[in-house]
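The values are calculated or read from the model by the stated rules, or taken from the named source; none is laboratory data. Nothing here was measured: the structure is a model prediction, and the numbers come from that model. Note that we place each Cβ from the backbone using ideal geometry, even for glycine, and neighbour counts take in every protein chain shown.
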Amino acid sequence: MSTHRFPIGQTVRLKSRKGLSPKAADVYRITAFLPARDNSPQYRMRNDEVAQERVSQEVDIEPIATNAGID
């Protein structure tokens, strides 16, 4: 069984926009863990700015660096 690498609340970006609508959001916040598909954990994600939700596999997303801890 695969474990989820990103915690709920993590901000992530899609690695590729290939095949997505131009109106699709680029940055999402992870809202839930979903069962793995093809041995890759899945996540439910939301972009609040455009009120858009999607499901993506872990291999299709990457974390976004934050300024937390930088003075």
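So, in the stretch 3-25, how many residues would count as being surrounded by 11 or more Cβ atoms within 10 Å (Cβ to Cβ) and part of a loop (DSSP other than H, G, I, E, B)? Of the residues in that region, 10 qualify.
Against the numbered list (1) in contact with an Asp or Glu (Cβ under 9 Å, 6 or more places away or on another chain); (2) of a type in the set (S, T, Y); (3) part of a strand (DSSP E or B), S56 comes up short only at (1). Within the stretch 27-47, none of the residues are outside any strand (DSSP E or B), under 14 Å from the mean Cα position of the chain (by Cα) and surrounded by 10 or more Cβ atoms within 10 Å (Cβ to Cβ). Cβ-Cβ contacts under 6 Å between residues 6 or more apart (or on different chains), taken from a first residue in the stretch 49-71 that is over 16 Å from I8 (Cα atoms) and among the β-branched types (V, I, T) to a second residue that is assigned to a loop (DSSP other than H, G, I, E, B) and at pLDDT 75 or above, are listed as V50/A25.
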